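Take a look at the structure set out below.
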Amino acid sequence: MATKHKMPKILRGGKFRLTKSLRFCKSITYWIFLLPSIVFAQKTNNLPSNQDSTKQETLIELVVSASRISENILRSPVSIEQLKAKDAQLMGAPSFFDALEYLKGVQVITPSMGFKVINTRGFANTTNVRFAQLIDGIDNQAPHIGAPMANALGVSDLDIDKVEIIPGTASALYGMNAVNGLANFRTKNPFNTEGVSFRQVVGVNHLSSPDGVSAKPFSESQLRFAKAFSEKWAIKINLSYTKGYDWTADDKTDLGNSLNASVGLTGATNPAYDGVNIYGNESSNRKTLTLNGKNYVIARTGYAEQNVADYNLQNTKGDIGLYFRPKKGVELRYTYRGALTNGIYQRSNRFQIKDYTLQQHALQFETDALQFRAYLTTENTGKSYNLRSIAENTDKSFKSDDAWYADFTNAFNAATKNNQTVETALQTARSVADNGRFQPNTDAFKQKLTALSDINNWDIGAALRVQAYLAHTEGVVNISKLVKPLAQIGVGLLAGFDYRNYIIVPDGNYFINPVESGKNLTYGKTGGFLQLSKKLLSETLLLSATLRADKSDYFDIKFNPRFTAVYAPSDALNVRVSYQSGYRFPSIFEGFSNINSGGVKRVGGLRVMSNGIFENSWLRSSIDAFTTAVNKGVNTEGLTKTAAIAKYKDILQRNSYTYLRPEYVRSFEIGVKSLSIHNKLFIDADFYYNQYRDFIAQVEAYIPKTQNADSIPIALLSRVSQDRYRLWTNAQSTVFNYGASLGLRYKLTEQWHLNANMSYAKLDRKDHNDGLEDGFNTPQYMINGTVVGDKLWRTLNASVTARWQSSFNYLSFLVNGTVPEYWTMDAQVGYVFAKQKLGVKLGATNLLNRYYYSMLGGSHIGGFYYTTLVYNL
């Protein structure tokens, strides 16, 4: 009989029960403890290691992101995934960034074709402020968003060397809010990779589109020039231009289907229809009307996203790097990056990004023992605008809400007097109220959109006008490299510091300075870490401990520890255990926003922005429930409005939330990496368990325009007698989630190899559940399998990838619901003409053109078919 062991307290967090949903994790754990015996059994075969290229390649694979020092991937103390440029080229994805979706445990959601969001281990959203994205160690985020704009300012395929991804918390070493993980994109050094390269991709999408869009062309052109002028000086230049037609968002599912259930109006007859991608008919565009003695919730008509968005995608970006090596082992480099972007971006609402610019200046100094970086990122949103705001204000500029609802009421009464049914009378009333409305695709409609897109007030316009800056400096010193006796006794000592400051130019709509009007907003953070490691047991055991301290404006100092143990009894085996914690400080938008949007002001959660609002407001969720109950009382119980208010007023709840605190996560992980089966099989398995508290989220709360206790319920029934707010705050829930993953890489023959991985993620439970935290928004299961053939005939290569993910619940402020499961297939075939120095690749993603959603409210993704030409001079 097997001995039962208690799970460590850090995992239990209370009662922890092994359920059916843990079976996958249990299997992975078995693998973790079984693999050592498999590896040792293989050692008895006495197969010479120098005969096996898989082992040689794996043993020389170095990563830097896991410990901020170069180390073999088999000795990494935490889970780390990597994708090399040469491997990405053999995949069906059109770019290395798209190929990240093939990696173990990596989830990619697609709000739009030019804006893909990377996440690991749960709680994905369209603005992933919990996952850091670096280029050669430099943060790639857009300052006011607090997250990257996908690969808009990123690396081109010609310049990428490899990508390293840490799934899970990386805060102890990196800070910068990397509580869900980070990706470090490492570029080619011109001293090592000289030459001129040109890459051209041509493709087509929207074939047989169910959204009524005809086939559209796609083009991407890239140029790389790299030259080492001497042993000391080198330069590289990258240019990239992308043009295409974005995936459309045309989900017409009614989010308000139950609003008129008490009068029997649902589905097509619902006068409060609120389609997911129909804007201008949301909650702030609805009103309860009393018609023929009954209460009806009526929404304005709104416009489809396709009416107000421009799906033409365009991105121009480039970078230049100047490298200087005064002596061997010392390098100084300056890099400039710039990007101009047009497309669709999504957070709580969807935005038209137009003439949006990002620029970055970076200075880096590196030796074997020292790293120093300083960089400045600038952001200008150009002529961008909010799609929801432009839709609702187009309606309001044609006719005010008061006038529209008055016309609707009069037309309904007239129609019912003419013996029309209620359903028909409602349709007639809408037609009358909408008479003279701006019609899509007309000159008047286009002129109105142009005018509204330039008004920087979302109550009457839609412009997004933000200028923001991020200044950052950091240093890391490997003390054990400088103090030789430490290295001689197997002790490693690493120390680092960082300072960053956000600077926001108040625009009067998106951001204001409530303390010093007219002056810029600033938000700074200082941090540092110390990491100590020691090799034991003839260097087969490596223990390390890290302590990080961060001090951010408006918050007390926070400490993040990390403890790791790596046991490597042979070159081909690594068993690792780690525990760490992490804090995420509020982003600029979460802390300082001040936006009027559709009658609701979105306010940052720092006290300096929202002082007094929390204490005097009532929860919108309770107000909605109260309104529904009153309408039901009037419509089905025969109560007067006054009587219904008196009966149901106790449903109303005061706002119990308060000002922002940093998020906090604790994470435990166990894993193993191994070579097996004559060193042909590489295995990587892990299990993790996380505990989150103080999730940064949003709550809607309204303040009645009265202090009279008896009048408050009446005021909360009417939009005109209340001030409406959406506040950034912290959820009161403590959330536990766990998961596991298994990755396999098997060399079938010299020409063929197989990559496969599967990931499991589960939201375990919530203590003190208030439902306010971000949605888990992650499939329970994700499976990828790729067969790759290289040098099948001369330089011919080919691959096929199948991807499947299970359905999952998706929660956001735009839409809640279930994302259906999907599976899709990618494939490519390529050939390199060596004499002509030309590579050709024919490929397809979603080869079978099975349209799917990776999230709700976002793009409807179909097949993409392309040809890539790469010329190296």
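Out of curiosity, is Gly302 of a type outside the set (Ser, Thr, Tyr), open to solvent by less than 20 Å² (accessible area, probe 1.4 Å) and farther than 30 Å from Asn192 by Cβ?
So Gly302 passes the test.
If the requirement is being in a strand (DSSP E or B) and not hydrophobic (A, V, I, L, M, F, W, C), which of these qualifies: Thr818, Thr778, Thr795? Give the derivation first.
Working: Thr778 fails: in a strand (DSSP E or B); Thr795 fails: in a strand (DSSP E or B).
Exactly one of Thr818, Thr778, Thr795 is in a strand (DSSP E or B) and not hydrophobic (A, V, I, L, M, F, W, C), namely Thr818.
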Residue in segment 87-106 that is over 24 Å from Tyr241 (Cβ atoms), among the aromatic types (Phe, Trp, Tyr), open to solvent by less than 10 Å² (accessible area, probe 1.4 Å) and not in a strand (DSSP E or B) present: no
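Just give me the residues in segment 70-86 being more than 19 Å from Asp790 (Cβ to Cβ) and outside any helix (DSSP H, G or I), in sequence order.
Within segment 70-86, Ser70, Glu71, Asn72, Ser76, Pro77, Val78, Ser79, Ile80, Glu81 meet the criteria.
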For segment 567-579, how many residues meet the condition of being open to solvent by less than 10 Å² (accessible area, probe 1.4 Å) and within 17 Å of Thr169 (Cβ to Cβ)? 2
Within segment 408-420, is there a residue that is touching a Lys or Arg at 6+ places or on another chain (Cβ under 9 Å) and among the charged types (D, E, K, R)? no
Residue list for segment 117-146, filter: assigned to a strand (DSSP E or B) and either in contact (Cβ under 8 Å) with a residue 40 or more places away in the chain or within 13 Å of Ile165 (Cα to Cα) (or both): Ile118, Asn119, Thr120, Phe131, Ala132, Gln133, Leu134, Ile135, Ile138, Asp139, Gln141, Ala142
Given the structure, is Thr377 more than 19 Å from Leu452 (Cα to Cα), crowded, with 22+ Cβ neighbours inside 10 Å, touching a residue at least 24 places away in the same chain (Cβ under 8 Å) and not charged (D, E, K, R)? yes
For residues that are in contact with an Asp or Glu (Cβ under 6 Å, 6 or more places away or on another chain) and at pLDDT 95 or above, scanning just segment 166-198, find the one that is nearest to Ala495 (Cα to Cα). Asn184
Failed item in (1) in a helix (DSSP H, G or I); (2) in contact (Cβ under 8 Å) with a residue 24 or more places away in the chain; (3) under 41 Å from the mean Cα position of the chain (by Cα), with Ala444 passing the rest: (2)
Scan segment 670-683 residue by residue and report those that are open to solvent by 10 Å² or more (accessible area, probe 1.4 Å) and not β-branched (Val, Ile, Thr). His678, Asn679, Lys680, Leu681, Phe682
From the list Lys327, Lys354, which one is more than 29 Å from Phe412 (Cβ to Cβ), out of contact with any His (no Cβ under 7 Å at 6 or more places or on another chain) and part of a loop (DSSP other than H, G, I, E, B)? Lys327
Among the residues that make up segment 432-441, is at least one of them free of Cβ contacts under 8 Å to residues at least 40 places away in the same chain, part of a helix (DSSP H, G or I) and over 30 Å from Lys535 (Cα atoms)? yes
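Would you please name the residue that is modelled with the lowest pLDDT, looking only at residues in segment 433-490 that are farther than 30 Å from Asn509 by Cβ and of a type in the set (Lys, Arg)?
Lys484
With respect to Glu423, is the statement that it is touching a helix residue (DSSP H, G or I) at 6+ places or on another chain (Cβ under 7 Å), outside any loop (DSSP other than H, G, I, E, B), touching a residue at least 60 places away in the same chain (Cβ under 8 Å) and open to solvent by 50 Å² or more (accessible area, probe 1.4 Å) true?
For Glu423, the condition - touching a helix residue (DSSP H, G or I) at 6+ places or on another chain (Cβ under 7 Å), outside any loop (DSSP other than H, G, I, E, B), touching a residue at least 60 places away in the same chain (Cβ under 8 Å) and open to solvent by 50 Å² or more (accessible area, probe 1.4 Å) - is met.
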Of the candidates Ala451, Ala429, Ala414, the one satisfying the condition of being without any contact (Cβ under 8 Å) to a residue 60 or more places away in the chain, open to solvent by less than 40 Å² (accessible area, probe 1.4 Å) and either of a type outside the set (Asp, Glu) or assigned to a strand (DSSP E or B) (or both) is Ala429
Between a first residue in segment 320-339 that is at positive phi and a second residue that is open to solvent by less than 60 Å² (accessible area, probe 1.4 Å), which pairs have beta carbons less than 7 Å apart while being 6 or more apart in sequence or on different chains? Gly329/Thr367
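Each row is one residue, and each column tells you yes or no for (1) touching a strand residue (DSSP E or B) at 6+ places or on another chain (Cβ under 9 Å); (2) under 30 Å from Thr564 (Cα atoms); (3) at pLDDT 95 or above; (4) buried (at least 23 other Cβ atoms within 10 Å of the Cβ).
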{"site": "Ala625", "(1), (2), (3), (4)": "no, no, no, no"}
{"site": "Asn631", "(1), (2), (3), (4)": "yes, no, no, yes"}
{"site": "Ser667", "(1), (2), (3), (4)": "yes, yes, yes, yes"}
{"site": "Ala685", "(1), (2), (3), (4)": "yes, yes, yes, yes"}
Evaluation of Leu74 against (1) closer than 23 Å to Asn777 by Cβ; (2) touching a helix residue (DSSP H, G or I) at 6+ places or on another chain (Cβ under 8 Å); (3) open to solvent by less than 20 Å² (accessible area, probe 1.4 Å) (one fails), failing number: (1)
Going through segment 277-296 in order, the residues found to be of a type in the set (A, V, I, L, M) and crowded, with 24+ Cβ neighbours inside 10 Å are Ile278
Regarding Gly817, is this residue open to solvent by less than 50 Å² (accessible area, probe 1.4 Å) and in contact with a His (Cβ under 7 Å, 6 or more places away or on another chain)? no
By residue number, the members of segment 534-550 that are without any contact (Cβ under 8 Å) to a residue 60 or more places away in the chain, open to solvent by less than 90 Å² (accessible area, probe 1.4 Å) and of a type in the set (S, T, N, Q) are Thr540
Find the residue count for segment 705-733, including only residues that are assigned to a strand (DSSP E or B) and open to solvent by 30 Å² or more (accessible area, probe 1.4 Å). 3
Among the strands (runs of 3 or more DSSP E) confined wholly to segment 600-704, which include 2 or more residues that are over 21 Å from Leu811 (Cα atoms) and β-branched (Val, Ile, Thr)? 663-676
Scan segment 249-256 and tell me whether some residue there is more than 26 Å from Glu637 (Cα to Cα), open to solvent by 50 Å² or more (accessible area, probe 1.4 Å), in contact (Cβ under 8 Å) with a residue 24 or more places away in the chain and in contact with a Gly (Cβ under 6 Å, 6 or more places away or on another chain). yes
Please determine, by comparing only the residues of segment 551-562 that are more than 25 Å from Val577 (Cβ to Cβ) and in contact (Cβ under 8 Å) with a residue 40 or more places away in the chain, which one is most open to solvent (accessible area, probe 1.4 Å). Tyr554
Does Gly518 satisfy being closer than 21 Å to Phe563 by Cα and surrounded by fewer than 21 Cβ atoms within 10 Å (Cβ to Cβ)? no
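The values are calculated or read from the model by the stated rules, or taken from the named source; none is laboratory data. Here the structure is a predicted model, which means the values were calculated and not measured. No Cβ is skipped: glycine too gets one built from the backbone with ideal geometry, and neighbour counts run over all protein chains shown. Surface accessibility is based on the protein's heavy atoms, side chains included, excluding ligands, DNA and RNA. Shrake-Rupley method; radii C 1.70, N 1.55, O 1.52, S 1.80 Å.
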